[in-house]
Amino acid sequence: MPRNLVIVEFQEEVEYLLEHRPEVFRGDVKVLSLLPEASVLLAGKNIAFETSVNYFSKSSHEKCLKSVDSMIHAVNTDFVLCDAHGIRHAYTNALTFYLRQYLSYVVSTIEIISNVLSEHPVDQIFVCRYRGNDLSQFGLFSKERILSDIVGILGGSIKVESPVLDVPRKTAPNYMRKLLRSLFCAVCFPLELALLKKPARHPLVYYSLKYRFDHIAKAFKEYDHYNLAPDVKVFTRLTDKSLGMDIHNIHISDIGLSVDSKFRNAWKESLVKFTDGCDKKGICSYRDYDFSALVLRKMEKGYGPQLAKLNRQISSLKKFLSALKPAAVLSHVARDFSYALGELAESMNIPSVLISHGSHVPPKNEYDCMEWFDHGKGLIHTDYRYHLLQSPWAVEHVRAMGYHGKYFPIEPLIFPKVDRTDKQKAQLKRFPQSEGKRIIMHAGTPKPRGSNRLYIYETLDEYIAYMSDLVEAARAIPDIFLVIRFRPYPYLSIQHLKALLPKGDHYVVATDGTFADYLKIADLMVSFSSTTIEEALINSIPVLQYDPSNRYVHIEGAGWQDKGFAHVDSVYYIGDRNHLSSGLQWILTNHLSATLVGDFFERHAFKPGEAMSVQEFIERMIRHDLPEPIRLEDKKHFDGVEIY
């Protein structure tokens, strides 16, 4: 019987094959599942399968990252984009951010399947192909299914059979909701421009009030506040009064506007140059497999139209900023539209402030550098005039990366400081079954299909596998209760997660409440890499970083050595699943249950007097009375990043 490889991503593929081609799962077959939703259905049908974890090693992460980084370097060289307003970086920032995710998906998929084929040679591959792929978005969303295209490139002499499915279509209510939203913006935006207060009272413009930016608005109630990304609950309101004050929602619209000729010509010229590079230099290839056709198709149908839309949005945004003349614009991120907000404000001499919602730490090797340099272009190294840093780690990151700009230390805004004085009472109220036990909390930030980060974050499969390790390790320790703090991610629902984790009553998967509610009761936090690490540390909660691939350490601390950690610390690291249970027991005995002398957490927060509050910064900025920014030293760089 032929040896078969069945590769599935989405639930519909498993359902189709079970109904129409059940024989493909019989006999000498290897089944590879690339998304949790497919894994859940396979497990429910008692079909043996593997995920990507065993075929995407530390070396795989490193090779894929290097390859993608070189491709992005070529894109940065070939694409020189500019519009009639003088905006440049917002376009290349958006293009490289989303293209990197697309390339990471393609390259990592090639790596995974190639590794499977090298270990398990097969005669035939079954993979579903889709009609009606939607390539029109920036991101690689669920309606863009290109796995069969990648397998087709890899197939070679192997027979590939691809049953054809239709991409699930957007339901009529969803389509109408999107259309009505666009029409609402088209009608409201001219009205909002006409109703702008003149003169406004120190108007502050926010990209969004998420990530505790509403606290800034509350601190300046005498000012006028304008929100460019209103929450869905208040989207249809011109004025949001939910904070006990007036927040003016602005609905930027691109409908009825034309793309300016300067940008259109720059895009065409850059695309021709990049296409030529793909033909002559093999820019978009990995393991000698050329996938430039996929990338150029995405350029034509996705990135080009989306960047044109951004161009039209920038025209509307400039009208708004010109009419309002704000005292400042503020954001937690700089990607596509939010990047344009800062760049456009600077071109108009409007102060712009970015407070990153991420955690930033100094790199330890060249792979960290590649990831953090790219990541930083949307969070901490942008065209915003001022970048406010919430921890000493962010300061060290900026210095290590050799960035230049105006950086200021501030007291944490996005990282909440919680009151833990009634910890036991709060713990028993939320989890009565945890009485007499220590709370171990897991919180992470996996990167799903379409938003891949190849080194500094977990894949979805790694996230589930590493969490499963933790569930099993905690099972052996009766004095702890494990809380998995979870928020649903694209392609991973709470139902899928619960179905894939080991069973047990010694842990719960928790989605209700705020993260601060769980910081209030946690004794130890376990994570791979996440902003939650710093949120725990500023609340004096020790952190165990667990990465059985042994590739990435977010914050350096005490590592596992033979039979224990070298010393008590605020941060611990384990890079081998065989030591996880012993490591948890060591921390429970020597840290959580011991009387400790000294402050193990002081290195994670600014000392008194080292940082000002966000409120004080904004007040002094408006008064033109800011202190000197952090002094940064010149460094030698390789492609903008220091390698050491």
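The values are calculated or read from the model by the stated rules, or taken from the named source; none is laboratory data. What you see is a predicted model, and the numbers here were worked out from it, not measured in a lab. Backbone-built Cβ (ideal geometry, glycine too); neighbour counts: all protein chains shown. Protein only, heavy atoms only, side chains kept; ligands, DNA and RNA dropped before computing areas. Shrake-Rupley method; radii C 1.70, N 1.55, O 1.52, S 1.80 Å.
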**OP:** Output the residues belonging to region 520-541 that are open to solvent by 10 Å² or more (accessible area, probe 1.4 Å) and in contact with a strand residue (DSSP E or B) (Cβ under 7 Å, 6 or more places away or on another chain).
**Re:** Asp523, Thr532
Original post:
Which pairs do you get when a residue that is farther than 19 Å from Glu23 by Cα, found in region 151-168, comes within reach of a residue that is assigned to a helix (DSSP H, G or I) and open to solvent by less than 40 Å² (accessible area, probe 1.4 Å), reach meaning Cβ atoms under 6 angstrom, with the pair 6+ apart or on two chains?
Top reply: Leu154/Ile113
Original post:
Of the residues that sit in region 223-247 and are closer than 12 Å to Glu192 by Cα and modelled with pLDDT under 95, which one is most open to solvent (accessible area, probe 1.4 Å)?
Top reply: Arg237
Subject >> Subset of region 329-384 [more than 18 Å from Pro203 (Cα to Cα), open to solvent by less than 20 Å² (accessible area, probe 1.4 Å) and out of contact with any Phe, Trp or Tyr (no Cβ under 9 Å at 6 or more places or on another chain)] >> reply: Ser356, Gly358, Trp372, Leu379
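Here is a yes/no grid of residues against (1) of a type in the set (Ser, Thr, Tyr); (2) open to solvent by less than 10 Å² (accessible area, probe 1.4 Å); (3) touching a helix residue (DSSP H, G or I) at 6+ places or on another chain (Cβ under 6 Å); (4) more than 20 Å from Lys143 (Cα to Cα):
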site: Lys280; (1), (2), (3), (4): no, no, no, yes
site: Cys284; (1), (2), (3), (4): no, yes, yes, yes
site: Asp288; (1), (2), (3), (4): no, no, no, yes
site: Val295; (1), (2), (3), (4): no, yes, no, no
site: Gly302; (1), (2), (3), (4): no, yes, no, no
site: Ala308; (1), (2), (3), (4): no, no, no, yes
site: Asn311; (1), (2), (3), (4): no, yes, yes, yes
site: Ile314; (1), (2), (3), (4): no, yes, yes, yes
site: Phe320; (1), (2), (3), (4): no, yes, no, yes
Original post:
When region 198-228 is examined, which residues are found to be touching a residue at least 60 places away in the same chain (Cβ under 8 Å), within 22 Å of Val187 (Cβ to Cβ) and not hydroxyl-bearing (Ser, Thr, Tyr)?
Top reply: Val205, Leu228
Original post:
Any residue in region 542-562 that is among the small types (Gly, Ala, Ser), more than 20 Å from Ile414 (Cβ to Cβ), touching an Asp or Glu at 6+ places or on another chain (Cβ under 6 Å) and open to solvent by 30 Å² or more (accessible area, probe 1.4 Å)?
Top reply: yes
Original post:
Taking region 118-159, which residues are over 29 Å from the mean Cα position of the chain (by Cα) and polar (S, T, N, Q)?
Top reply: Ser118, Gln124, Ser157
**OP:** Might you check whether a residue that is in contact (Cβ under 8 Å) with a residue 24 or more places away in the chain, within 17 Å of the chain's Cα centre (by Cα) and on the phi > 0 side of the Ramachandran plot occurs anywhere in region 460-482?
**Re:** no
Original post:
Inside region 220-262, can you point out the residues that are farther than 29 Å from Arg88 by Cβ and among the β-branched types (Val, Ile, Thr)?
Top reply: Val232, Val234, Thr236, Thr239, Ile247
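Kindly indicate the residue of region 86-99 that is open to solvent by 10 Å² or more (accessible area, probe 1.4 Å) and touching a helix residue (DSSP H, G or I) at 6+ places or on another chain (Cβ under 6 Å) and also farthest from Gly152 (Cα to Cα) among those meeting that condition. Give the derivation first.
Residues of region 86-99 open to solvent by 10 Å² or more (accessible area, probe 1.4 Å): 86, 88-89, 92-93, 97-98.
Okay, now just the ones that are also touching a helix residue (DSSP H, G or I) at 6+ places or on another chain (Cβ under 6 Å), so 86, 89, 93.
Numbers: Gly86: 42, His89: 35, Asn93: 31 Å.
Step by step, filter region 86-99, then rank; the result is Gly86.
I'm checking my understanding of the structure. Among residues of region 11-29 that are in contact (Cβ under 8 Å) with a residue 40 or more places away in the chain and more than 35 Å from the chain's Cα centre (by Cα), which one is most open to solvent (accessible area, probe 1.4 Å)? Step through it out loud before you land on a result.
Quick first cut of region 11-29, residues in contact (Cβ under 8 Å) with a residue 40 or more places away in the chain only: 12-13, 16-17, 20-21, 24.
Those left that are additionally more than 35 Å from the chain's Cα centre (by Cα): 20-21, 24.
Details: His20: 96, Arg21: 61, Val24: 2 Å².
Looking at the filtered set, the residue picked out is His20.
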